[in-house]
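Here's the structure, in structure tokens; my notes come after.
Only the coordinates and a few stated rules stand behind these numbers; no lab work does. Note that the structure is predicted; figures quoted are calculated from it, not measured. So basically every Cβ, Gly included, is an ideal-geometry build from the backbone, and we count neighbours across all protein chains shown.
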Amino acid sequence: MLFSSATFLMAFLPITLLLYFSVTKRLKNSIRIKNLILLISSLIFYGWGEPKYILVMIGSMIFNYILAILIGESAKNNSAKSPNKNLVSKMLLSVCILGNLGLLGFFKYTDFVIRTVNGLGGLNLGLLNIALPIGISFYTFQTMSYVIDVYKGKVGVQKDFVIFAAYVALFPQLIAGPIVRYSDVEIQLGSRVSSEEKIDEGIRRFVIGLGKKVILANQVAVVWEYILKYISQEGQVSLMTAWLGAICFTFQIYFDFSGYSDMAIGLGKIFGFDYLENFNYPYISGSITEFWRRWHISLSSWFKEYVYIPLGGNKKGLLRQILNIGIVWALTGLWHGASWNFVLWGLYYGLILIIEKSFLLKFLEKHKVIGHIYTIILIVTGWVLFALDDLSQVINYLGLMFNVNNPLIDEIFIYYGNTRLWLIIACIIGATPIIKKLSFSVEENLCKKPILFSFISTLVFLGIFLVSLSFLVIGSYNPFLYFRF
Amino acid sequence: MKNENRILTLTFVFLMAFLAIGTFIKADVKFSENENRYLQSKPKLSLENIFSGDFESKIESYLSDQIIGREFWVESMAAIENSMGIKDVNGTYVGYNDRLFQRVTKTEFDEERLESNLLSIKNFISELKSEPIDVKVLLAPTAALVYEDKLPKGALNFDENKAFEKALDFLGDNFIDVRNTMKESASRCTHSSYYAPKMSGVNKGDKYYLTDHHWTGYGAFLAYRDYAKSIGIYKKAKLSRYMYTNPEILTEDFQGSLFSKVLFTRYVKDAIEVPRKAVLSNYKVEIEGKTYDSILFLDRLNKKDKYEVFFGGNYPRVDITTKSKGEKLLIIKDSYANSFIPYGLTDFEKITMVDTRFYKENMLELAKNYDKILFLYGVSNFANEKLMMTASILG
């Protein structure tokens, strides 16, 4: 099920909210009941698209639940003074990580391995065509964060299966993140309060996310898809058209993904959860280093904490640091998709980050304008690498963008440039904090007239929601980019 | 929490309740006249349906098909896109003065299929070489070609001229190129006594509808005149037969297929006109075993798709026997022929229309019974049709 669908907005969400909020605080064990409601509705939400894969997820839940308890038990045998966890704990952790990665690897990377082997060895082994259970990349990383933190002693073992299962399956962030670490919500799972402020905030956040996805992302996607289709048929477009396409995809992936994160955070807030931010206006960055502090924050911090630092980070010398960065970025790329262009995309950023860390960053910080332009160009180029599976397509497309012999404009650029002007302007504005700042200053100016402000802001959000709804009903174009994760 | 802070939450609670309950209470609409399709009805709730995923996808279709105020949402989206400057709305171009065009881009136009269809027809013609049959092919250009200046600026369309050149290449003299006839401006009419000085109806000289992809009565007339010229009956007969004088206006409230896609051009309407002879009831029209005395199905004027007034729609085969003396005409066609045929009712003693999508018999054998054969298609439809002109049907 998708957030941006009739089923979710008109049936699933109203019913779930009704059930959840009918459990008053006065009821004994109200939190337990609420968590149960969330768990069951999350399972329905997940199973809605693919009933079979619920079993995979439940299996993963049981596996991790048990292992965490075992690790917790064996940790009790450690003396507080001993710095090394005992062998049993280590083995259990290894089993857990291997199990989770094995599950992810099987479903997501089997065909990737086969294709690579075929390519390298000139073989023609048949692909298994295993369907990818939705969200598996997200929930395996989430559960791993839990077990690893239990091992480290950072969080307590969750003996209540309902709470644990609810954590794994929580429908707001199950399908497309953010990757919520158990440590961030440990307390909230057991005792949280749904205040009216939070609900109000949550609704706003959700509506913004919905608007980003349906109004902005889906619309620029139309342009990108047309340009791609045109290239696949006619082979070539002008330079500006190639850039227009790449820029449209740049906006598409941002508004799609950050919109979905907004909806997830908004829904979480309504139910009383505070998730960490996942995006912080990444496109206003002045360097790639800054970009990755603002883009898909939950993923990059997951990799930092659970891969980069355990590998030694920057504490084992420069050469090792470069290797660590390379590994982390190759894996980050690979996490996004089971294809070599994703690995290349990851390494592309790894390399840039190394260069920036060495000397470039100081220069960029002194020359901010150059920094911004440089960053945008690298980001847009990076997305081309990301968007096209086939490396030959990537090379072809980049050629269209950077070959000075390519004609500058064509009819496609004229038409789409003309008709999508306001859309692109809206996207540019939406990618910056301008609107947020504007709304703060309006709020300040109207601080003596809170009812008026409340009225205006309600109208604005209502407008966004209604426009989004009308765009949804036509329904012809509602692709979801991050589905393959 | 202060009351003013509750305004937003309460608004959304009411909105959500309204959408969910409103849709639930509202009676299901079975058939959408605008979309010309059956809307999803309540899917059956069964374990089997749930596990197969069938129930889930049907519920999504059901909810978005039956959502309360559905047409309002569709119309809003189209209007918003249009006002943002996005002139391609739901596969339709919104042009000057809200004239609507069907959008067919290069990536949607199948050049290969066009060529294979042309080749099939070429082979068909050579199969009939020995027979005294005159075969012609007429492709109706799109409104985008004829009213190019009314399109949104720089609108992307497939290369229509190239398609016509290909047709000329493949078929030579068998092909009737009506592009120039169509493009000549209607203002030429006022100078000549050939044409009715008062061209009535809302369209006033339009060759293509403002709200539908078909040609108007006048556009069809122009094409027929070219056809008549090409088979030589134009010279022989009295000029008055071909004049577009005092057409019969069947309706001035026609809002066609393109309107259905955008819905916000509510004040733009078309007139459906036919020559007077078409209104008469002295024909024998045989459709699927039934016989009628008129080619017009006037009750269709009460429905949304008023273009169906011609023959009631598209059928595998329609046979018309007139009271005139003349030859026998076989038209292999799509819906463009429906408004074209009225002009030929006094030139032929028998007209048979065949739609290759549905007609499964041997076309070649059928063709041998006629004196004149005409392939008549809209050009973009022609390229996208899986024209069953393969050998299995032909011979």
So for A:Val222, B:Val318, fewest C-beta neighbours within 10 Å to most, what's the order? A:Val222, B:Val318
Would you calculate the separation in nanometres between label points at A:Lys154 and B:Ser61, each defined as 7 Å from the Cα along the Cα-to-beta-carbon direction? 4.7 nm
What are the residues whose amide H is under 5 Å from the amide H of B:Val89, where those residues sit 5 or more places off or on another chain and H is modelled from the backbone? B:Val94
Determine the shielding of peptide A:45-56 by partner chains: average, over its residues, the number of Cβ atoms on other chains within 10 angstrom of each Cβ. 2
Partner chain coverage, peptide A:194-206 - average Cβ within 10 angstrom: 3
Which ordering of A:Val473, B:Val13, A:Val150 is given by a fewest-first count of other beta-carbon atoms within 10 Å? B:Val13, A:Val473, A:Val150
So what are the ³J(HN,Hα) numbers for the stretch A:200-214, from phi and the Karplus equation (6.51, -1.76, 1.60; θ = phi - 60°), rounded to whole Hz, Gly and Pro as x? 4, 4, x, 4, 4, 4, 4, 5, 4, x, 4, x, 4, 6, 7
Amide H proximity to B:Thr216 below 5 Å, modelled H, separation 5+ or other chain, gives B:Tyr208, B:Tyr209
If one takes the longest principal axis of the Cα atoms in chain B, at what angle in degrees, from 0 to 90 and to the nearest 10, does the Cα axis of helix B:160-171 lie? 40 degrees
Taking chain B as the reference, fit the longest principal axis to its C-alpha atoms, fit the long axis of helix B:217-230 to the helix C-alpha atoms, and give the angle between the two in degrees, 0 to 90, nearest 10. 30 degrees
Exposure-ranked with fewest Cβ neighbours within 10 Å first, B:Tyr38, A:Tyr349 stand as B:Tyr38, A:Tyr349
Amide H contacts under 5 Å for B:Lys136, placed H, 5+ residues apart: B:Ile373, B:Leu374, B:Phe375
Helix B:54-66 vs. chain B, principal-axis angle (Cα, 0 to 90°, nearest 10): 80 degrees
Run lengths n ≥ 4 of DSSP H only: what is the helix-derived mean residue ellipticity at 222 nm for the protein assembly as shown, with -39500 (n - 2.57) per run over all residues, to the nearest 500? -16500 deg cm²/dmol
In a Gaussian network model over chain B where Cα atoms closer than 10 Å are linked, find which of B:Met182, B:Met353, B:Met363 has the largest mean-square fluctuation. B:Met363
In whole Hz, what ³J(HN,Hα) sequence does the stretch A:141-148 give by Karplus (6.51, -1.76, 1.60; θ = phi - 60°), x for Gly and Pro? 5, 5, 5, 5, 4, 5, 5, 4
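Within a 10 angstrom radius of each residue's Cβ in B:12-22, how many Cβ atoms of other chains show up on average? Whole number is fine. Display every interim value, and only then the final one.
Values: counts 10, 5, 0, 4, 8, 2, 0, 6, 7, 2, 1.
Per residue, the number of nearby Cβ atoms from other chains is 4 on average.
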What are the ³J(HN,Hα) values, in whole Hz, obtained from phi via the Karplus relation 6.51 cos²θ - 1.76 cosθ + 1.60 with θ = phi - 60°, for each residue of the stretch A:10-23 in sequence order, with x given for Gly and Pro? 9, 10, 4, 5, x, 5, 4, 4, 4, 5, 4, 7, 7, 7
Kindly list the residues of the stretch B:353-380 that lie in the label zone of B:Glu327, defined by a backbone N under 12 Å from the point 7 Å along the Cα-to-C-beta vector. B:370-374
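Take every Cα pair under 8 Å in chain A that's 6+ residues apart, average their separations, divide by the length, and report that relative contact order as a whole percent.
Working: 585 pairs, mean separation 84.4, N = 485.
RCO, chain A: 17 percent.
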